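The values are calculated or read from the model by the stated rules, or taken from the named source; none is laboratory data. Given the structure is predicted, the values throughout are model-derived calculations rather than measurements. Every residue, glycine among them, receives a Cβ derived from its backbone with ideal geometry; neighbour counts consider all protein chains shown. Quick note on the areas: whole protein, heavy atoms, side chains included, nothing else; ligands and nucleic acids left out. Shrake-Rupley method; radii C 1.70, N 1.55, O 1.52, S 1.80 Å.
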Amino acid sequence: MGKITGFIEFHRAKQPYRPVAERIRDWRQVMLPYPEAELKTQGARCMDCGIPFCQQGCPLGNIIPDWNDLVYRGQWQEAINRLHATNNFPDFTGTLCPAPCEGSCVLDIIDDPVTIKAIELAIIDHAFEQDWVKPLPPKVLTGKKIAIVGSGPAGLAAAQQLRRAGHEVVVLERDDRIGGLLRYGIPEFKMEKHVLDRRLDQLRAEGVTFRTHAHVGVDVSTEELKKDFDAILLAGGACAPRDLPVPGRELSGVHFAMEYLTQQNRRCEGDTIPADHEITAKGKHVVIIGGGDTGADCLGTVHRQGAVSVHQLEIMPLPPAHRAPNNPWPEYPHIYRVSAAHEEGGVRVYSVSTKRFTGDDQGRLQGLELVKLEPVRAGGRLSFKEIPGSQFTLPCELALLAMGFVGPEQPGMLQQLGVKITERGNVWRDANWMTNVPGVFTAGDMQRGQSLIVWAIAEARSAARGIDKFLTGTSDLPAPL
Ligand SMILES: Cc1cc2nc3c(=O)[nH]c(=O)nc-3n(C[C@H](O)[C@H](O)[C@H](O)COP(=O)(O)OP(=O)(O)OC[C@H]3O[C@@H](n4cnc5c(N)ncnc54)[C@H](O)[C@@H]3O)c2cc1C
Ligand code: SF4
């Protein structure tokens, strides 16, 4: 513990961001690094409380109190070694994680928690600046071959673990570029793609092979995979979107959030979108249906494209400013949050439901008919009742459906393999991360449902150990779950 009285002396400092007026004119990352001197002070706020609930709050089991102390002491090399021991990609999580660890920080009981996520990012940024992040190819090869389907954070973390254990690893991705939602879901202004690309360079240098345009179940048969590889990891994500089947859904101008976000990510990569496929908010009244993080990513994109107005609708009521009694510490706090995109503008509307989309005689979206809701709790279950007379309309030429995802896409690969599906629509697995099909494993959103990067990495590390054990009878790979 660096400074015994640090948590009394110092207050939490806010993560620096670029000014709104500047950042909404470009696509560059909005978050700025913490100044190093300030970080040491923030690290000194860690109380080294004895039972590190933060470490349990992190799905990866990151050894947080250790690196808080090491940063306070300026021992950066030791800090990155400690961080890489549990997390393949702290650059992704340090930038994008919603930091459930901070909700579990003991200081959060009486004060603001330690800035754990910012410290994590500073450690890995410092390590890249010092050129300490090197490829670690295996010294001994096992001769076993593993196919990983999907190149999101789960596929990438599993590839790194399995390659370092000495296996031949091929990642198959149906898209034209590697990265999963890190590439085509998460906007550039949240994490610039060069952060992903430098990790892909590291993986290639370690000996991982990537194959794009390889849609398993379509271009690549599952039988072929089973024949050519000793084990398969299904890390295909959970991107089947939840739809809104109300009248007018078929009008032009109503799109799923991922169609919209993918297009903008492609533009940022330098691609040209054909005019007849283009979805843009420029000069339009926009409504985003869904108040979550995907909706917020749409919001930031809409601002940058130059919309006339933007509303973000949420069916749930406005969350409380502080933890509700049924959401105690150390649970993740379900409270009102203002993301960077919300700071940039737009109107958030709570307790509202869409009755219909309305259009012109050419089939083009013109507006939304909405109704206000009140929550009804019966027998512990939450439902919603329309408030009579509360109907209202919003002008809208672009509606983006960001109401979450229903699970992995089942036709194709999953059906061909015959893997068992859980009641929630995800891929079933046993305690060793294997599906009901021998030699076929799963990790990430494909088995958990749409979730977080930190969970995808954590599960991938555990599944990698399961695969390593399956192939060699034993494993030294760490498994957080
Ligand atoms: C818009 C958006 C923003 C998000 N923002 C954040 C955030 O800020 N922080 C955070 O922690 N989480 C965020 N998430 C969630 C996070 O991105 C996911 O939980 C995470 O990417 C899951 O990783 P994964 O590897 O399991 O799957 P994915 O990242 O979904 O990758 C799966 C990959 O598998 C490929 N694939 C699927 N089927 C096949 C097949 N048959 N053959 C070949 N390839 C296939 C897909 O093309 C895809 O590239 C966000 C999600 C969305 C949608
Ligand atoms: S990965 Fe997320 S939960 Fe874990 S220490 Fe980092 S910010 Fe916290």
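I'd like the residue in the stretch 130-152 that is in contact (Cβ under 8 Å) with a residue 40 or more places away in the chain, touching a Gly at 6+ places or on another chain (Cβ under 7 Å) and at negative phi and, out of all such residues, is farthest from ligand 2 (Cβ to nearest atom).
If we take residues in the stretch 130-152 being in contact (Cβ under 8 Å) with a residue 40 or more places away in the chain, touching a Gly at 6+ places or on another chain (Cβ under 7 Å) and at negative phi, then THR142 is farthest from ligand 2 (Cβ to nearest atom).
In the stretch 46-85, which residues are polar (S, T, N, Q) and away from ligand 1 (no atom under 16 Å from the Cβ)?
Selection gives GLN55, GLN56, ASN68, GLN75, GLN77, ASN81.
Being open to solvent by 40 Å² or more (accessible area, probe 1.4 Å), in a loop (DSSP other than H, G, I, E, B) and either touching a Ser or Thr at 6+ places or on another chain (Cβ under 7 Å) or under 27 Å from ALA464 (Cβ atoms) (or both), is that true of even one residue in the stretch 84-94?
Yes - at least one qualifying residue is present in the stretch 84-94.
Write out, first by first residue and then by second, each pair whose Cβ atoms fall under 9 Å of each other, whose residues are 6+ apart or on separate chains, and whose first residue, in the stretch 429-456, is free of Cβ contacts under 8 Å to residues at least 40 places away in the same chain and over 22 Å from GLU223 (Cβ atoms) while the second is away from ligand 1 (no atom under 15 Å from the Cβ) and open to solvent by less than 10 Å² (accessible area, probe 1.4 Å).
That search, which allows pairs on different chains as well, returns ASP430/GLY466; ALA431/GLY466; ASN432/GLY466; ASN432/ILE467; TRP433/GLY466; TRP433/ILE467.
Looking for something buried (at least 23 other Cβ atoms within 10 Å of the Cβ) and either among the aromatic types (Phe, Trp, Tyr) or under 30 Å from PRO90 (Cα atoms) (or both) - is there at least one such residue anywhere in the stretch 415-427?
Yes, the stretch 415-427 has at least one match.
How about the stretch 1-65: which helices (runs of 4 or more DSSP H) wholly inside it have at least 1 residues that are over 21 Å from the mean Cα position of the chain (by Cα) and farther than 30 Å from ARG304 by Cα?
Of the helices (runs of 4 or more DSSP H) lying wholly inside the stretch 1-65, those with at least 1 residues that are over 21 Å from the mean Cα position of the chain (by Cα) and farther than 30 Å from ARG304 by Cα span 6-9, 36-44, 53-57.
For the structure I just gave you, tell me whether PRO100 is touching a residue at least 24 places away in the same chain (Cβ under 8 Å), of a type outside the set (Lys, Arg), within 16 Å of ligand 2 (Cβ to nearest atom) and touching a Gly at 6+ places or on another chain (Cβ under 7 Å).
Spelling it out, PRO100 is indeed touching a residue at least 24 places away in the same chain (Cβ under 8 Å), of a type outside the set (Lys, Arg), within 16 Å of ligand 2 (Cβ to nearest atom) and touching a Gly at 6+ places or on another chain (Cβ under 7 Å).
Tell me which residues, restricted to the stretch 218-251, are in contact with a strand residue (DSSP E or B) (Cβ under 9 Å, 6 or more places away or on another chain) and of a type in the set (Gly, Ala, Ser).
ALA231, ALA235, GLY236, GLY237, ALA238, ALA240, GLY248
I need the full set of residues from the stretch 106-121 which are part of a loop (DSSP other than H, G, I, E, B), in contact (Cβ under 8 Å) with a residue 60 or more places away in the chain and open to solvent by 10 Å² or more (accessible area, probe 1.4 Å), in order please.
Hits for the stretch 106-121 are ASP111, ASP112, PRO113.
Mind listing whichever residues of the stretch 138-187 are open to solvent by less than 10 Å² (accessible area, probe 1.4 Å), within 13 Å of PHE229 (Cα to Cα) and outside any loop (DSSP other than H, G, I, E, B)?
ILE146, ALA147, ILE148, VAL169, VAL171, LEU172
I'm checking my understanding of the structure. Among residues of the stretch 170-189 that are more than 7 Å from ligand 1 (Cβ to nearest atom) and of a type in the set (Val, Ile, Thr), which one is farthest from LYS145 (Cα to Cα)?
ILE178
How many residues are at pLDDT below 95 and open to solvent by less than 70 Å² (accessible area, probe 1.4 Å) when one looks only at the stretch 360-383?
Residues that pass the stated criteria total 5.
Looking only at residues that are in a loop (DSSP other than H, G, I, E, B) and either at pLDDT below 95 or within 11 Å of ligand 1 (Cβ to nearest atom) (or both) in the stretch 190-213, which one is most open to solvent (accessible area, probe 1.4 Å)?
Per the stated criteria, the residue is HIS213.
Out of all the residues in the stretch 266-284, is one or more more than 24 Å from ASP26 (Cα to Cα) and surrounded by fewer than 18 Cβ atoms within 10 Å (Cβ to Cβ)?
Yes, because at least one residue in the stretch 266-284 is more than 24 Å from ASP26 (Cα to Cα) and surrounded by fewer than 18 Cβ atoms within 10 Å (Cβ to Cβ).
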